[in-house]
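Step one of this worksheet: look at the structure below.
Every read-out reported here was derived from the displayed coordinates using simple, explicitly stated rules and does not represent laboratory data. Keep in mind that what you see is a predicted model, and the values were worked out from it rather than measured. Note: ideal-geometry Cβ built from the backbone for every residue, glycine included; neighbour counts use all protein chains shown.
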Amino acid sequence: QLDLEALPPDGAGRLLDELLGIELPGSLREVVVERAEGNPFFVEELVATLIDMHVLARENGGWSVGELPADFQVPDSVQAVLAARIDLLPADEKAALQAAAVIGRIFWTGPVYELVGGGRPDFGLLEDRDFVRRRVGSSIAGEREYAIKHALTREVAYASLPKTKRAQLHAAFAGWLEQSAERNDEHAGMLAHHYLEAV
C-alpha cells in the first residue's frame, strides 16, 4: 500500500505547467492551484474546464489565454467540475456519455447509438474532451469499444440521469445485448446485471 499525500501548492503548480507547457497568468494559475487543493485529477479537470470554456485555446502549437467570464464560479469539488464539463457538451454527446455510463466503464458505439434514439453523437469530440478513450480491439465482435477515462467521470454522468431514465436505459441495453451480441457465458453476468438494474 502506498499512501499519497495531496500535492503541495508548488507541486500542483508544476503539474499545471507540465500539462500545458506554459505558465498561466498569476490570477488564473492561483485559481486552479488553490481550488484543486493538491488533487492532481482536480487540476486536470479544471484545466479541461478552461479549455471547454475557451479560456484556454490551442493556437500555433501553443496556448492562448483569455479572460475568465465575470460570472465564472470555480466548482468546489471534482464531481462538480465533471458535472459542469458534462453540461457543456452538445446535447447528442452528453446523451451518449450518459448512455455509455449506464452500459459501464467499457462500452460500445452500437448500443450507445441505439440508446440515444437515433442521434449521431461524435465520439471524436468525447475523445478530444478527454472523457473517453478508444480501445484496441473489442470484446463484442463488430463493435468499436471505448472506455470512460475515469471511474469518477462515469459515476457523475450516471448520477446526472433521473432514476426512471436509468432503468429504461439498462433495459434497452440488456435488450440490445440479447439481440445483437454473441450469446455466451461471458455476457451472461452483464445481461443479468442490466436486467436487475432495470427492475
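With a sphere of radius 13 Å drawn around the Cβ of ASP76, what net charge do the other residues whose Cβ falls strictly inside it have (Lys, Arg +1; Asp, Glu -1)? Could the numbers behind the result be given before it?
Working: positive: ARG35; negative: GLU34, GLU37, GLU45.
Net charge in that neighbourhood comes out at -2.
Tell me whether the stretch 1-110 comes out rounded, prolate or oblate; compute the Cα gyration tensor, take square roots of the eigenvalues as a ≥ b ≥ c, and use a/c under 1.5 as the rounded threshold.
oblate
Would you kindly derive the ³J(HN,Hα) couplings of the stretch 123-136 from the backbone phi angles with the Karplus curve 6.51 cos²θ - 1.76 cosθ + 1.60 (θ = phi - 60°), listing them in order in whole Hz, with x for Gly and Pro?
5, x, 5, 5, 5, 4, 7, 6, 8, 9, 9, 6, 9, 6
Mind putting a number on the dipole of the stretch 70-199 about its Cα centre? Charges go on the C-beta only, +1 for Lys and Arg and -1 for Asp and Glu, and I need it in Debye to the nearest 20.
Value, rounded to 20: 80 debye.
Shape of the stretch 90-199 from its Cα gyration tensor (a ≥ b ≥ c, root eigenvalues): rounded if a/c is under 1.5, otherwise prolate when a/b > b/c, or oblate?
Oblate is the answer for the stretch 90-199, as a/c is 1.5 or above yet b/c matches or exceeds a/b.
Would you give the gap between the C-alpha center of the stretch 145-159 and the C-alpha center of the stretch 77-110, rounded to a whole Å?
7 Å
How high is the relative contact order of the stretch 127-199, in percent, with contacts defined as C-alpha pairs under 8 Å that are six or more residues apart?
Result for the stretch 127-199 is 26 percent.
How high is the relative contact order of the chain, in percent, with contacts defined as C-alpha pairs under 8 Å that are six or more residues apart?
Values: 218 pairs, mean separation 29.9, N = 199.
Computed over the chain, the figure is 15 percent.
Residue by residue through the stretch 82-95, which ³J(HN,Hα) values in whole Hz follow from phi under the Karplus form 6.51 cos²θ - 1.76 cosθ + 1.60 (θ = phi - 60°), with glycine and proline marked x?
Running phi through 6.51 cos²θ - 1.76 cosθ + 1.60 with θ = phi - 60° gives 4, 4, 5, 5, 5, 5, 7, 5, x, 4, 5, 6, 5, 4 Hz.
May I ask for log10 I(q)/I(0) of the stretch 65-144 at q = 0.11, 0.18 Å⁻¹, from a Debye sum over the Cα atoms as equal point scatterers with solvent left out?
Each listed q corresponds, in turn, to -0.36, -0.80.
Once phi is turned into ³J(HN,Hα) by the Karplus curve 6.51 cos²θ - 1.76 cosθ + 1.60 with θ = phi - 60°, what whole-Hz value does each residue of the stretch 57-69 show in order, with x for glycine and proline?
9, 5, 8, 6, x, x, 10, 9, 10, x, 8, 5, x
Going toward the positive end of the dipole of the stretch 41-180, with +1 on Lys and Arg Cβ and -1 on Asp and Glu Cβ, which of ALA157, PHE173, GLY62 do you reach last?
Going by the charge dipole, the pick is PHE173.
Can you list residues from other chains, or at least 5 along the same chain, whose modelled amide H is less than 5 Å from the amide H of ARG144?
THR109, GLY110
Could you pull out every residue, at least 5 positions away or on a different chain, whose amide H is within less than 5 Å of the one on LEU56? Hs are placed 1.01 Å off N in the peptide plane, and Pro or chain starts have none.
Residues meeting the criterion, in which the H sits 1.01 Å from N, are ILE51, GLY66.
When Lys and Arg each count +1 and Asp and Glu each count -1, what net charge do the other residues less than 15 Å away from PRO90, Cβ to Cβ, add up to?
Its environment carries a net charge of -3.
For helix 26-36, report the angle its Cα long axis makes with the longest principal axis of the Cα atoms of the chain; keep it between 0 and 90° and round to the nearest 10°.
So the helix axis and the longest Cα principal axis differ by about 40 degrees.
What whole-number volume per residue, in cubic angstrom, does the convex hull of the C-alpha atoms of the chain give?
Expressed per residue, the convex hull around the Cα atoms of the chain is 157 Å³.
How far is helix 185-198 tilted, in degrees, relative to the longest principal axis of the Cα atoms in the chain, given as a value from 0 to 90 rounded to the nearest 10?
80 degrees
Please state the charge dipole magnitude for the stretch 118-178, taken about the Cα centre, from unit charges on C-beta atoms (+1 on K and R, -1 on D and E), reported in debye and rounded to the nearest 20.
The dipole magnitude comes to about 160 debye.
Stretch LEU68-SER180 to full length: gain in nm at 0.36 nm per residue minus the Cα-Cα span?
35.6 nm is the gain from fully extending LEU68 to SER180.
What shape does the stretch 129-178 take by its C-alpha gyration tensor, where a ≥ b ≥ c are the square roots of the eigenvalues and a/c under 1.5 counts as rounded, a/b above b/c as prolate, and the rest as oblate?
Oblate, because a/c is 1.5 or more while a/b does not exceed b/c.
Between LYS149 and residues 5 or more places away or on another chain, which pairs have amide H atoms under 5 Å apart, with H built 1.01 Å from N, and which residues are they?
Result for LYS149 returns VAL132, ARG133.
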